[in-house]
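Remarks on the structure that follows.
Just so it is clear, none of the values below were taken in a lab; they were calculated from the coordinates. For clarity, every value in this text was computed on a predicted model and none was experimentally measured. Cβ placement follows ideal geometry from the backbone for every residue including glycine, while neighbour counts extend to all protein chains displayed.
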Amino acid sequence: MLLSIIVPCYNEQETVPIFYRTVNEIAPQLGVDLEFLFIDDGSQDQTLAEIKKLSEKDERVNYVSFSRNFGKEAAIYAGLQNAVGDYLVLMDADLQDPPFLLPQMLREIRENGYDCVATRRVTRKGEPPIRSFFARMFYRLINRMSKTEIVDGARDYQMMTRQVADAILSIGEYNRFSKGIFGWVGYKKKWLEYENVERVAGETKWSFWKLFVYAMDGIVAYSTVPLVLSSVLGLVLFVVAFAFIIVIIVRTLVFGDPTQGWPSLACIIILLAGLQLFSIGILGQYLAKTYLETKKRPIYLVREEKVAQSVHKVSDSALHEDHLTVQ
Ligand code: UDP
Ligand code: MG
């Protein structure tokens with residue numbers, strides 16, 4: 001039995017060796033063979049060099065290096081695609097995903113029949129309070145709006161069977177919001193909880209703005225409620241305006257027409273213009289995502305790689321040859 005450890009890395013030159021060492025200390029408790037698959041997400045520092053150093057010493061270390069930074073979601077996709085293990089686990093390079101959970105995760109899958117073991121952190125210790133506040137708001141909002149459950153504090157740190165990995169890979173969309181995809185595929189899932197751990201070295205790659213954009217992407221990808229919202233608002237305004245018209249007609253007929261109400265008119269026009277732009281903006285978000293999706297661009301591009309020959313790839317090329325001989 002083989003466990004593939006998939007590690008997305010973006011500028012993680014300090015953490016890669018520490019990560020490798022720490023996981024290796026746990027390894028004997030696991031009782032399975034390991035594969036390390038580092039995904040270098042277009043790092044500008046010495047990350048790839050560090051990975052190659054490990055790979056020369058240890059043949060279990062594989063890597064895929066992207067042509068530029070494609071983002072963690074793309075790295076996860078590439079990892080699941082190129083790993084060959086019977087079980088796969090996604091881990092951050094910064095040891096914020098505690099390796100001591102690995103034996104328990106493996107046990108839940110092998111002995112208790114789960115397909116997937118996911119983790120969530122129950123505290124956000126060490127994080128700026130404002131960031132925690134917005135994160136909480138985001139999870140409340142998205143869970144109101146989306147049918148897919150997106151768990152607060154859920155990490156990408158998950159172990160899964162090959163079957164689940166294949167299910168995730170079958171979702172070939174370009175705008176990948178993993179937290180949603182993991183929920184969407186379903187399967188028997190066990191949740192483990194732990195207290196937040198701070199990074200061992202280096203710094204976070206997520207600025208507040210990047211997180212905000214990510215949150216918006218998540219909402220657009222997993223809910224169409226914002227679209228409904230603008231129709232509902234439109235309808236409500238229509239009803240209100242209709243009532244207004246009647247009031248004004250009656251008032252004019254009964255009391256005559258004192259020419260008043262300039263300021264209120266201006267306010268109403270601005271308010272409506274704002275609402276219209278807002279709704280068009282929402283529509284635009286969905287359109288933009290659809291546009292990107294229809295381009296069918298690859299999710300990532302590889303500059304160099306060293307990967308194990310996967311069963312999938314073999315069957316893929318066999319399929320291709322079959323196809324050729326038939327022709
Ligand atoms: N990461 C990546 N591509 C990116 C940003 C981050 O592969 O564009 C990796 C990063 O190297 C790390 C993991 O994703 O292994 C989590 O990133 P980070 O620790 O910066 O995020 P945080 O834990 O602060 O949310
Ligand atoms: Mg981190």
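Evaluating 6.51 cos²θ - 1.76 cosθ + 1.60 at θ = phi - 60° for every residue in region 193-208, the Karplus couplings come out as 10, 8, 7, 4, 10, 8, 3, 6, 7, x, 9, 4, 8, 10, 7, 4 Hz, glycine and proline recorded as x.
Expressed in nm to one decimal, what extension gain is obtained for the pair ARG303 and ALA49 from 0.36 nm per residue of sequence separation less their Cα-Cα distance? Working shown, then result.
Numbers: separation 254, 0.36 × 254 = 91.44 nm, distance 1.38 nm.
Answer, rounded to one decimal: 90.1 nm.
Sort 293-302, 185-194, 7-16 for me by packing, meaning the mean count of neighbouring Cβ atoms within 10 Å per residue, highest on top. Working shown, then result.
Numbers: 293-302: 12.4, 185-194: 15.2, 7-16: 23.7.
Result, highest mean Cβ count within 10 Å first: 7-16, 185-194, 293-302.
Below 8 Å, C-alpha to C-alpha, sequence gap of six or more: please give me the relative contact order for region 1-92 in percent.
45 percent
Separation of region 39-81 from region 239-304 is 46 Å, based on Cα centroids.
Shown is the FRET efficiency for LEU229 and VAL200, computed with R0 = 41 Å from the Cβ-Cβ distance and rounded to the nearest 0.05: 0.45.
Only Cα pairs under 8 Å and 6+ residues apart enter the sum, and on that basis the relative contact order of the chain stands at 22 percent. Size descriptors for the chain: radius of gyration and Dmax over Cα atoms are 25.7, 93 Å.
First obtain the Kirkwood hydrodynamic radius of region 19-128 from its Cα pairs, then insert it into the Stokes-Einstein equation at 20 °C and 1.002 mPa s, and state the resulting D in µm² per second as a whole number.
Working: Rh = 15.4 Å.
Here the translational diffusion coefficient equals 139 µm²/s.
Computed from the C-beta positions of ILE268 and LYS125 and an R0 of 51 Å, the FRET efficiency is 0.55 to the nearest 0.05.
Under the combined filter of DSSP loop state and at most 11 neighbouring Cβ atoms within 10 Å, region 40-71 retains these trypsin sites (Lys or Arg not before Pro): ARG68.
Measuring between alpha carbons in the structure, the pairs from LYS52/LYS188; LYS72/LYS190; LYS179/LYS295; LYS52/LYS210 lying more than 26 angstrom apart are LYS52/LYS188; LYS52/LYS210. In region 224-241, whose amide N lies under 19 Å from the spot 7 Å out along Cα-to-Cβ of VAL254? List them in ranges. Counting backbone N atoms under 19 Å from the label point, the list is 241. Extension gain for THR22 to PHE244 (0.36 nm times residue separation, less C-alpha to C-alpha distance): 73.0 nm. In this structure, the amide hydrogen of VAL61, modeled 1.01 Å from its nitrogen in the peptide plane, lies closer than 5 angstrom to those of PHE36, counting only residues at least 5 positions away or on a different chain. Positive end of the dipole of the chain (Cβ unit charges, origin at the Cα centre): among VAL213, ILE5, LEU272, the Cα lying farthest that way belongs to LEU272. Over region 14-153, Cα pairs under 8 Å with separation of 6+ residues give a relative contact order of 22 percent.
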